[in-house]
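The values are calculated or read from the model by the stated rules, or taken from the named source; none is laboratory data. Since this is a predicted model, take the numbers as computed values, not measurements. Glycine also receives a Cβ, built like all others from the backbone with ideal geometry; neighbour counts cover every protein chain displayed. Note: accessible area is taken over every heavy atom of the protein model, side chains too, but ligands, DNA and RNA are not part of it. Shrake-Rupley method; radii C 1.70, N 1.55, O 1.52, S 1.80 Å.
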Amino acid sequence: MTTHASTVLAPTVATPQPAPQERTGPSLLRASGVAVGLFLGARLAGVAVLALVVPAGGRHPLALLGRSWDSVWYLAIAAHGYGHDLPSRVPGEHSDLAFFPLYPALVRTVTALVPLGGGAAGLLVSWTAAVVAAAGIHAVGARLHGRATGVALVVLWGLLPHSVVLSMAYTEPLLTAFAAWSLYAVLAGSWLWAGALAALAGLSRPNGFAVAAAVLAAAGAEVWRRRGRVSHRLWTGAALAPLGWTAYVLWVGRRKGNLLDGYFEVQRQWGSRFDLGRGSWQFVRGLLLNGHRMVFPMALVIVAAGVLLYVLLLLERAPLPLVVHSGVLLLIALGGSGYFESKPRFLLPAFPLLLPLAGALVRTARARPWHATVIVAALAGLSYVYGAYLLVFARAPL
């Protein structure tokens, strides 16, 4: 039995179907190529700005992109496996088991096949994943609202204030790639692909479970709508979706001697726990009372903007899997303690939050092209300057 996008929307909302010309393979492929090309141009320009700024920091730009903060841990896992913890600037025990395995496994595979060092291999994996993610984001946007919105969605994602992370040896591009194509598969009714990609997303990052949650919510809505008369592909896809995340969490628990809580204990040692936002509130309160350097107010503004965009996404009655995916990522960012300055990075895979802005940008471009150009140029300037600041001067964890 085949399902359609309308089965995963709120019951009273019709599916935003693209126009017939949007569905033709060559035209859609050309539009996707434009979107990916603009994304690559945006990120290459960001790297160029970083190269101009980086002499002030005394390191090569590729070294900054390939070996900074969490990327050092991932590259160590790729080279030596788990159980080789690195010294940390923060007191306390910090286990490399906090880092999920798919990205270091891919880096290790690349180094085995190609004569590249760990940092270069990490960048190759991340850059490739970012391109795949851009294509997937365009596919989702184009399916829902047309090619122009799909292109705008990709451009906005590539020009976020924290989009420098998409050029680094980090896992956000990998998670976003699996998330985008899994969500597209749900909208297209391809449940096996949706579940398999969600399982891989769950092996990429701790918050990769958001993709599985979206698939499970969509599957549950479909089962309810059809009163249980659904294809076995839906049941299989739903069963596959949480396997990656669950398998790794249980593996760490078994290794730590506490099957259900072992992984979460590792996270607690890193200062990361879900405390319903208590840690975030304490940080914000201290920030408002005492003030701090630029990174923290900027992080607060970005997270607040994420909440506002989520409200707009709900008001637009977006498809259920996109709402659940973005909502879970936002809940994790808001409700978790730990490094507050990293929260904007955690929201990078929540690209559906940008759908309202993408639609507004398309409408502006059609009515006042010059205004849209100025907006995009301003976003690019902010993204490039702030990204260079984060890597070269901020000295704050990304």
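At-a-glance table
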item: Extension gain from Thr236 to Leu315, taking 0.36 nm per residue of separation minus the Cα-Cα distance; result: 25.3 nm
item: Karplus-derived HN-Hα couplings along region 192-204 (A = 6.51, B = -1.76, C = 1.60, θ = phi - 60°), whole Hz, x at Gly and Pro; result: 5, 5, 4, x, 5, 5, 5, 4, 5, 4, x, 8, 8
item: Region 185-270 - Rg over Rh from alpha carbon coordinates, Kirkwood radius; result: 1.09
item: Net dipole in debye of region 60-208 [+1 Lys, Arg Cβ; -1 Asp, Glu Cβ; about Cα centre; nearest 20]; result: 380 debye
item: Descending Cα extents along the principal axes, region 120-275, whole Å; result: 50, 47, 30
item: Order of exposure, largest accessible area first, which applies to His80, His138 with probe 1.4 Å; result: His80, His138
item: For peptides 68-77, 351-360, 248-257, 146-155, sequence by mean Cβ density within 10 Å, most packed first; result: 146-155, 351-360, 68-77, 248-257
